[in-house]
Amino acid sequence: MKLQTYRRLLADRQTRRFLAGLGVSALGDGLSIVTIAWLAVVTAPAGDSGVFVGIAVAAYTLPGVIGAILLRRYVAGRPAREMVLGHAALRASCLGLIAVLSIAGALPPHLFVALLAGSSLLYAWGNAGEYTMLSALAGPDGRLAVNSLASAQVSFATIVGPVTAGVLLFVLSPGLILAFDALSFAILGLAAWRTRTDAGPTEPPVDTRAAESGFRLLRRRDL
């Protein structure tokens, strides 16, 4: 891949701004990998910390798959930019509320799980919207390069985020760290809002027919 392709992409203000928003939100999610589990330990009902941590971590990821299947009728026809904005707004508001309640010492376990689930409901659609917008910004000749840049940021955040969270938890409360994650998605939403592309509806992030047959297979008692 030619180096000038990367230079062209990074020289474009819209592409550079949107990639920066994606990078910041990826770092926020990297911080949350450790922070959510730690906050779950602190918030868990007495004697149920192990199970509760598992439920909380699942609640931060699994609803994204459910939303990809069940919300197709309402989301699939929307422009990619709206999908990113919806996901960013939902993530920022739910995580922000968790942060505020945690700092105030008023975060009940059931509400913690519910807000985590709500924050991830549009994850698959938001992710599809992000890559659709990147593809539209880069054009046919720059799609591979812009996707590699975005993926490199996610990989970097996955390594650096948990380590940074582990260090920050020595001096900051989990609520404050989650507040940064909420802010990171507000930044992504602002970047998406200021990015104008001709990106239309995205391709469905999940093949619903294949997913339905897979769920049917998993329901078989002999398996």
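The values are calculated or read from the model by the stated rules, or taken from the named source; none is laboratory data. Not measured: the values here are computed from a predicted model. Glycine gets a Cβ as well: all are built from the backbone with ideal geometry, and neighbour counts include every protein chain shown. To get the accessible areas, we keep the full protein, side chains included, count just its heavy atoms, and leave off ligands, DNA and RNA. Shrake-Rupley method; radii C 1.70, N 1.55, O 1.52, S 1.80 Å.
Do we find a residue being of a type in the set (S, T, N, Q) and over 18 Å from the mean Cα position of the chain (by Cα) anywhere in the range 91-103?
Kept after step one, since they are of a type in the set (S, T, N, Q), are these residues of the range 91-103: 93, 102.
Next, only the ones that are over 18 Å from the mean Cα position of the chain (by Cα) stay: 102.
Checking the range 91-103: at least one residue is of a type in the set (S, T, N, Q) and over 18 Å from the mean Cα position of the chain (by Cα).
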*Filter the range 9-32 down to the residues that are crowded, with 16+ Cβ neighbours inside 10 Å and of a type in the set (A, V, I, L, M), then identify the one that is farthest from the chain's Cα centre (by Cα).*
Leu9
*Got at least one residue in the range 125-148 being of a type outside the set (Val, Ile, Thr), within 30 Å of Val41 (Cα to Cα), touching a residue at least 24 places away in the same chain (Cβ under 8 Å) and touching a Cys at 6+ places or on another chain (Cβ under 9 Å)?*
no
*Kindly indicate whether Leu183 is open to solvent by less than 70 Å² (accessible area, probe 1.4 Å), at pLDDT 95 or above and either over 20 Å from Leu85 (Cα atoms) or in a helix (DSSP H, G or I) (or both).*
no
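Can you find a residue that is under 20 Å from Ala58 (Cα atoms) and out of contact with any Phe, Trp or Tyr (no Cβ under 6 Å at 6 or more places or on another chain) anywhere in the range 127-139?
Initially, the range 127-139 is screened for residues under 20 Å from Ala58 (Cα atoms), giving 127.
Add one more test, that the residue is out of contact with any Phe, Trp or Tyr (no Cβ under 6 Å at 6 or more places or on another chain), and what stays is 127.
Within the range 127-139, one or more residues are under 20 Å from Ala58 (Cα atoms) and out of contact with any Phe, Trp or Tyr (no Cβ under 6 Å at 6 or more places or on another chain).
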*asked:* With the condition being touching a His at 6+ places or on another chain (Cβ under 6 Å), without any contact (Cβ under 8 Å) to a residue 60 or more places away in the chain and within 23 Å of Met133 (Cα to Cα), I'd like the helices (runs of 4 or more DSSP H) fully within the range 32-83 carrying at least 3 qualifying residues.
replied: none
*For the range 115-145, how many residues meet the condition of being open to solvent by less than 60 Å² (accessible area, probe 1.4 Å) and either part of a helix (DSSP H, G or I) or touching a strand residue (DSSP E or B) at 6+ places or on another chain (Cβ under 9 Å) (or both)?*
20
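Filter the range 105-117 down to the residues that are closer than 16 Å to Ala179 by Cα and without any contact (Cβ under 8 Å) to a residue 60 or more places away in the chain and list them by number.
Residues of the range 105-117 closer than 16 Å to Ala179 by Cα: 105-107, 112, 115-116.
Once the filter is applied, which keeps residues that are closer than 16 Å to Ala179 by Cα and without any contact (Cβ under 8 Å) to a residue 60 or more places away in the chain, the range 105-117 yields Gly105, Ala106, Leu115.
Are any of the residues in the range 93-101 out of contact with any strand residue (DSSP E or B) (no Cβ under 8 Å at 6 or more places or on another chain), over 30 Å from Arg194 (Cβ atoms), β-branched (Val, Ile, Thr) and surrounded by fewer than 20 Cβ atoms within 10 Å (Cβ to Cβ)?
The initial filter retains those residues of the range 93-101 that are out of contact with any strand residue (DSSP E or B) (no Cβ under 8 Å at 6 or more places or on another chain), namely 93-101.
If we keep only those that are over 30 Å from Arg194 (Cβ atoms) too, we end up with 101.
Filter once more, so that each one left must be β-branched (Val, Ile, Thr): none.
The answer is no, given that none of the residues of the range 93-101 is out of contact with any strand residue (DSSP E or B) (no Cβ under 8 Å at 6 or more places or on another chain), over 30 Å from Arg194 (Cβ atoms), β-branched (Val, Ile, Thr) and surrounded by fewer than 20 Cβ atoms within 10 Å (Cβ to Cβ).
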